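Chemist: Dropping a structure here in structure tokens format, bear with me for questions.
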Number of protein chains: 6
Amino acid sequence: MGIHAYFRSLDVLDRIIRCPGKFKFEEHSVAAHSWKVVQYAKTFADIEEQQGAVIDWKKLYRITSSHDYGEIFIGDIKTPVKHSSMQLRTLLQRVEEGMIHNFIEEHIPREFKAIFQEQLREGKDQSTEGLILEAADKLDQVYEAFSELQRGNTEKEFVSMYRHALLKIRSIPLKCVDYFFDSILPDLVSEESMSPVDIRKITEEALASAPLPSPSRPHTA
Amino acid sequence: MGIHAYFRSLDVLDRIIRCPGKFKFEEHSVAAHSWKVVQYAKTFADIEEQQGAVIDWKKLYRITSSHDYGEIFIGDIKTPVKHSSMQLRTLLQRVEEGMIHNFIEEHIPREFKAIFQEQLREGKDQSTEGLILEAADKLDQVYEAFSELQRGNTEKEFVSMYRHALLKIRSIPLKCVDYFFDSILPDLVSEESMSPVDIRKITEEALASAPLPSPSRPHTA
Amino acid sequence: MGIHAYFRSLDVLDRIIRCPGKFKFEEHSVAAHSWKVVQYAKTFADIEEQQGAVIDWKKLYRITSSHDYGEIFIGDIKTPVKHSSMQLRTLLQRVEEGMIHNFIEEHIPREFKAIFQEQLREGKDQSTEGLILEAADKLDQVYEAFSELQRGNTEKEFVSMYRHALLKIRSIPLKCVDYFFDSILPDLVSEESMSPVDIRKITEEALASAPLPSPSRPHTA
Amino acid sequence: MGIHAYFRSLDVLDRIIRCPGKFKFEEHSVAAHSWKVVQYAKTFADIEEQQGAVIDWKKLYRITSSHDYGEIFIGDIKTPVKHSSMQLRTLLQRVEEGMIHNFIEEHIPREFKAIFQEQLREGKDQSTEGLILEAADKLDQVYEAFSELQRGNTEKEFVSMYRHALLKIRSIPLKCVDYFFDSILPDLVSEESMSPVDIRKITEEALASAPLPSPSRPHTA
Amino acid sequence: MGIHAYFRSLDVLDRIIRCPGKFKFEEHSVAAHSWKVVQYAKTFADIEEQQGAVIDWKKLYRITSSHDYGEIFIGDIKTPVKHSSMQLRTLLQRVEEGMIHNFIEEHIPREFKAIFQEQLREGKDQSTEGLILEAADKLDQVYEAFSELQRGNTEKEFVSMYRHALLKIRSIPLKCVDYFFDSILPDLVSEESMSPVDIRKITEEALASAPLPSPSRPHTA
Amino acid sequence: MGIHAYFRSLDVLDRIIRCPGKFKFEEHSVAAHSWKVVQYAKTFADIEEQQGAVIDWKKLYRITSSHDYGEIFIGDIKTPVKHSSMQLRTLLQRVEEGMIHNFIEEHIPREFKAIFQEQLREGKDQSTEGLILEAADKLDQVYEAFSELQRGNTEKEFVSMYRHALLKIRSIPLKCVDYFFDSILPDLVSEESMSPVDIRKITEEALASAPLPSPSRPHTA
């Protein structure tokens, strides 16, 4: 086989539904999630660039486009499981990497092996691009949870997902994250909602639980 | 909380779809699969009993009814991952057991803790009841794969699932397994099929690949 | 044919959706419902046994596992129709029994005919096992209706289904039913709900409409 | 209440799926089926009119538009059940009529009661309009079964449904039925099909099993 | 080909979902919508006739049954696009008419061409029947939007759709429209709702925004 | 509002299903399609770069990530309609551009207006990046149609879509297109297929109908 095997495998991620087992009003596939992450990252990078950062667009394209590809091999393992022990997490990551390695060995032609190795490995490093990917990935959790809460979904996990994703984003030292908290989140919270869930209060409580460290945050730009 | 937490959690298994990521004409939830396993096991135990075995019906009820409950905590991990390393498998099983333990500690009243510990642990031991559960669980893979092949599903994984499940069943030393190969499988294979897949041939090849060890198989009865 | 015909038919109940025609946020198949009933009955029997009753586990397994199998032949007839005239109800039941009889005659091998006749007939008699099945079956209506109300479903039929199922359960003379009203229902009602429907009030009204006859209830244990 | 109750109830038929329990590649609601019947009947009546018949269009509109409304009350009872005994069939029809009667009594304003009584009763009488409705209703079964067979559905019930519907149509003494067999069915059968099912053969066998009585059929025109 | 091509094409409208892109709790196909319009129009015509109007039932049947058939060719173009420029609207309508013309030329036998030309052209003219179709078509928007609002859908477009459809209906000079506002809408508004959306207020605001012109409205009867 | 309005709108494309009205075994949203196009384009650009071309990765990221965003405003207009007249096509494009312009004016903050204007306009120009986008977009049609044909979908439109997309790709003067025809398409065609449709023959006929102009094709590298 060859690159066809890679192209053909993409549909698998259009069949894996995020948050399996939870009741939700609207389902999202990993493929659709991935596309939204590509979009958020694009805009975050534009903001970062406008604030003076230098963006490696080729790298950003590479790491955002394939960031959840490993789920093809591993499947959807519940978050509490992944985090239940450091040893398990390391082991799972090693298995995933091994499977990606085998896939590349078996299917990808010699002249593209290096490219796919770069493309399919974990992209969330401490570079500006890696941090943007992390922020964009978490932002989609914010939006997914927000939509469910707004429609009256009473599963506590969505409150929890919303909180944790917000706090994770706030810990990322990027200018676009400042922009997000200053100019995007207020619009999100004030979106006219007829939900029985008080999203403003949840947001304020989440952010109050860990005071904003913004003055002391070092920026990459 | 209390037993309500357990009853309430059952719906989670009605939302987890088996074989995520694979194209299939018909989806099955873990809840519906579990019910079919209860049914197959019932009939397998009736056959075994008729052949002289003594069935512990309380035990059989207990282990078949909850046999996939652990998926509520672990989620759906792909088979190749589970089998990729002995160490990972052991670790995953330990995490699942730990989570079930915590669930019982947190939710189940003291007077029922022992019952739930029995009920929610892995039931596939070497007892007649444990072997019947194993056979019944694999039989549902046979039927799931058969239905997809019969409708023309061309994903190779269903051929593979059908083969492996058949071979696994054949390795189980039970009279009801003999009955299955003598009297149930032939009906299944000869079911008038308009499928482009030659199920008879796949069946014969699967069974030929590992010659029937029946003479030397010890029986429990 | 033979037992294959029975095994093969089980998928039919995974395709029949309960409460057809009603708007619902979440659909449940008869197969998934059946599995939940198996679970509730298991726990109810454990409670009953702990209180001193003797449980025939083989019988309980038999009657709970197949309790809605007849719907394969009859389909889903609306409750008001079934109850509209005693004559119709009797006639429908006779047709269902006739079809089950024919199915067994045609498909089940001679040596298993007696077993399937036991297994596929109505199990809700006045024995402890029959009463447990009745309680477990109604409990799933309680949970199904509760979930819809909690998510804001405004169809009156779910209020009505919730009420009637609760009252029916309360009329069953079992210790596990006492346990349910003392220790499970309060957890259910107090589950943090953001629903616009006041489930506590509906519960209290339902139970007030027919005062608890508990002191005078004879128990089987 | 009033006519609002009637209008509001129509969505129920958009939630009831035809042929429950059977595997099918494509599902059809009773509402969508009803609309297709309205269309077929329109064209059948045009053909009949062109051949000299006098059509009462108001009557045709009335009986075709609501022809399956009774399923709101009765639900989906399987065909073999309905036909299992004459007594049951009569009883079920009486229950349906009673429920329609009660609905009209309770909800429809006095000045429209007579209109709704006409509209909601069984329209398949021996008038030209009643026969057209019968032919149109069966034609939708032909198309539903044909689509499933063409896509490779191997459930025997669709072969059976296709046969019986064709034979029922052929027994109806209308010019538009002649037109259907002369000019519509041949197009249907010769539609380029890649199905593993030989639809032409099924059609020819069905029609051969009961020789065409066309010369002796009396026509209404 | 022939009329088979027309009959066969009807399923396309059972696969096109109304309001694509909007979140909704319940989806409706164009086929199911069409059937509900047939029903509303039937009752509106009955009311109109009772008030002294003369209804051409053949025409009403013809124009209501096929009123959205053109969507087979054009697909679902968003309302704001359709209304964005007079020129575009005219052009789109011309394209639709051209495609219907071509379909009839290619598929419909000579002797039925005139009938299908009548049937498939836009029926919403200023005749009583055309006005009834317009009112019935808008009424389904009222019901679709009402159902979503009642279940707590917070998308503003459904408030907007509800308003505009109500106002459009009110502008139609028919007695059945008066009946609708006097006797049907009040039932709809007072339907016991647990929705967080205040439908009564939305209704009153919508109707207040353009005072009722009823005294001066000319009636056709 | 601000950028939140843009982020929030992305879910619309996860609710719009491609090829509405056609029967298909598997549905794909515009969001999932968009992600696959991002992936194909990434690999095509890698190939092109390896052959010596200079890729503007920022531009490629920008134009591929948002390439179907306009469908949010326009909805899904059927291909034959779009192509039915040059005048209509121009008008529709102008309306889409106007709506995107208005969206940017209304929602996007001043400092990002220029970026969004670049991002949301049609990216398929004659630059290497524009041509790669065109090839990647058509490649997803090849894969979508191939999957349906392979599963036995007998709708002619998928044969037609497969043909046209292949021919369109072949007309694009890029080295990665040569690579696709030399090294990817053969794998696709030889994928073990149990489909009743002869995909190899369809591919050969499609390519034979317009002989390969490869010698005379100018390349951008």
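Chemist: Hey, can you tell me all the residues within the range F:45-67 that are facing chain A (nearest Cβ under 10 Å) and either in contact (Cβ under 8 Å) with a residue 24 or more places away in the chain or surrounded by 24 or more Cβ atoms within 10 Å (Cβ to Cβ) (or both)?
Modeler: Result: F:ALA45, F:ILE47, F:ILE55, F:ASP56, F:LYS59, F:LEU60, F:TYR61, F:ARG62, F:THR64, F:SER65, F:SER66.
Chemist: So for the range C:18-27 (the condition being part of a helix (DSSP H, G or I) and not basic (Lys, Arg)), does at least one residue qualify?
Modeler: So far as the range C:18-27 goes, no, none of its residues is part of a helix (DSSP H, G or I) and not basic (Lys, Arg).
Chemist: Give the residue, chosen from E:LYS82, E:LYS138, E:LYS113, that is over 30 Å from C:LYS22 (Cβ atoms), of a type in the set (Lys, Arg), more than 7 Å from every other protein chain (Cβ to nearest Cβ) and surrounded by 15 or more Cβ atoms within 10 Å (Cβ to Cβ).
Modeler: Matching residue, one of E:LYS82, E:LYS138, E:LYS113: E:LYS82.
Chemist: Let me spell it out: the conditions are (1) acidic (Asp, Glu); (2) in a helix (DSSP H, G or I); (3) touching a residue at least 40 places away in the same chain (Cβ under 8 Å), and B:GLU97 meets all of them except one. Which number is the exception?
Modeler: (3)
Chemist: Right, next: Name, by its number, the condition in (1) crowded, with 21+ Cβ neighbours inside 10 Å; (2) farther than 30 Å from B:ARG89 by Cβ; (3) among the acidic types (Asp, Glu) that does not hold for A:ASP14.
Modeler: Only one criterion in (1) crowded, with 21+ Cβ neighbours inside 10 Å; (2) farther than 30 Å from B:ARG89 by Cβ; (3) among the acidic types (Asp, Glu) is unmet by A:ASP14, namely (2).
Chemist: Any residue that is within 20 Å of D:CYS19 (Cα to Cα), within 14 Å of chain C (Cβ to nearest Cβ), free of Cβ contacts under 8 Å to residues at least 40 places away in the same chain and assigned to a helix (DSSP H, G or I) - is there at least one of those in the range D:150-167?
Modeler: yes
Chemist: What is the number of the single condition among (1) of a type in the set (A, V, I, L, M, F, W, C); (2) at pLDDT 85 or above; (3) in contact with a helix residue (DSSP H, G or I) (Cβ under 6 Å, 6 or more places away or on another chain) that C:ALA206 does not meet?
Modeler: All conditions pass for C:ALA206, except number (2).
Chemist: Return a yes/no flag: does the range C:43-57 have any residue that is under 20 Å from D:GLY21 (Cα atoms), assigned to a helix (DSSP H, G or I) and among the hydroxyl-bearing types (Ser, Thr, Tyr).
Modeler: There is no residue in the range C:43-57 that is under 20 Å from D:GLY21 (Cα atoms), assigned to a helix (DSSP H, G or I) and among the hydroxyl-bearing types (Ser, Thr, Tyr).
Chemist: Would you check which residues across the range B:58-85 are closer than 19 Å to B:SER34 by Cα, part of a helix (DSSP H, G or I) and not aromatic (Phe, Trp, Tyr) and list them?
Modeler: Hits for the range B:58-85 are B:LYS58, B:LYS59, B:LEU60, B:ARG62, B:ILE63, B:THR64, B:SER65, B:GLU71, B:ILE72, B:ILE74, B:THR79.
Chemist: Turning to a different aspect of this structure: Looking at the range C:80-87, is at least one residue within 30 Å of A:GLU148 (Cα to Cα), without any contact (Cβ under 8 Å) to a residue 60 or more places away in the chain and not hydrophobic (A, V, I, L, M, F, W, C)?
Modeler: Scanning the range C:80-87 turns up no residue that is within 30 Å of A:GLU148 (Cα to Cα), without any contact (Cβ under 8 Å) to a residue 60 or more places away in the chain and not hydrophobic (A, V, I, L, M, F, W, C).
Chemist: Of B:ILE132, B:ILE172, which residue is modelled with pLDDT of 95 or more, in a loop (DSSP other than H, G, I, E, B) and not acidic (Asp, Glu)?
Modeler: Being modelled with pLDDT of 95 or more, in a loop (DSSP other than H, G, I, E, B) and not acidic (Asp, Glu) holds for just one of B:ILE132, B:ILE172, which is B:ILE172.
Chemist: Right, here's the next one. Would you check if C:ASP125 is in a helix (DSSP H, G or I), within 20 Å of the chain's Cα centre (by Cα) and either away from every other protein chain (no Cβ under 13 Å) or surrounded by 15 or more Cβ atoms within 10 Å (Cβ to Cβ) (or both)?
Modeler: No; evaluated as a whole, the condition is false for this residue.
Chemist: Checking D:PHE7 against (1) part of a helix (DSSP H, G or I); (2) touching a residue at least 40 places away in the same chain (Cβ under 8 Å): exactly one of these is not met. Which one?
Modeler: (2)
Chemist: Do you know which residues across the range B:27-44 are of a type in the set (D, E, K, R) and at the interface with chain C (Cβ under 8 Å from one of its Cβ atoms)?
Modeler: Across the range B:27-44, the qualifying residues are B:LYS36, B:LYS42.
Chemist: For the range E:1-26, name all the residues that are β-branched (Val, Ile, Thr), more than 8 Å from chain D (Cβ to nearest Cβ) and either under 18 Å from the mean Cα position of the chain (by Cα) or farther than 29 Å from E:GLU157 by Cβ (or both).
Modeler: Hits for the range E:1-26 are E:ILE16, E:ILE17.
Chemist: Would you be able to tell me the number of residues in the range D:28-42 that are free of Cβ contacts under 8 Å to residues at least 60 places away in the same chain and outside any helix (DSSP H, G or I)?
Modeler: 1
Chemist: Something else about it: Which one is surrounded by the most Cβ atoms within 10 Å (Cβ to Cβ), of the residues in the range A:163-176 that are under 14 Å from the mean Cα position of the chain (by Cα) and closer than 14 Å to A:ILE47 by Cβ?
Modeler: A:ILE169
Chemist: Can you find even one residue in the range F:100-109 that is within 11 Å of chain E (Cβ to nearest Cβ) and surrounded by fewer than 14 Cβ atoms within 10 Å (Cβ to Cβ)?
Modeler: Checked against the condition, which is being within 11 Å of chain E (Cβ to nearest Cβ) and surrounded by fewer than 14 Cβ atoms within 10 Å (Cβ to Cβ), the range F:100-109 yields at least one hit.
Chemist: Report yes if some residue within the range D:71-84 is within 22 Å of E:THR43 (Cα to Cα) and within 15 Å of the chain's Cα centre (by Cα); otherwise report no.
Modeler: So far as the range D:71-84 goes, yes, one or more of its residues are within 22 Å of E:THR43 (Cα to Cα) and within 15 Å of the chain's Cα centre (by Cα).
Chemist: F:LEU88 versus (1) assigned to a helix (DSSP H, G or I); (2) at pLDDT 90 or above: which is the lone unmet condition?
Modeler: Going through (1) assigned to a helix (DSSP H, G or I); (2) at pLDDT 90 or above one by one, F:LEU88 breaks only (2).
The values are calculated or read from the model by the stated rules, or taken from the named source; none is laboratory data. No experiment lies behind these values; they were computed from the predicted model shown. In this analysis, Cβ positions are derived from the backbone assuming ideal geometry, glycine residues included, and neighbour counts consider all displayed protein chains.
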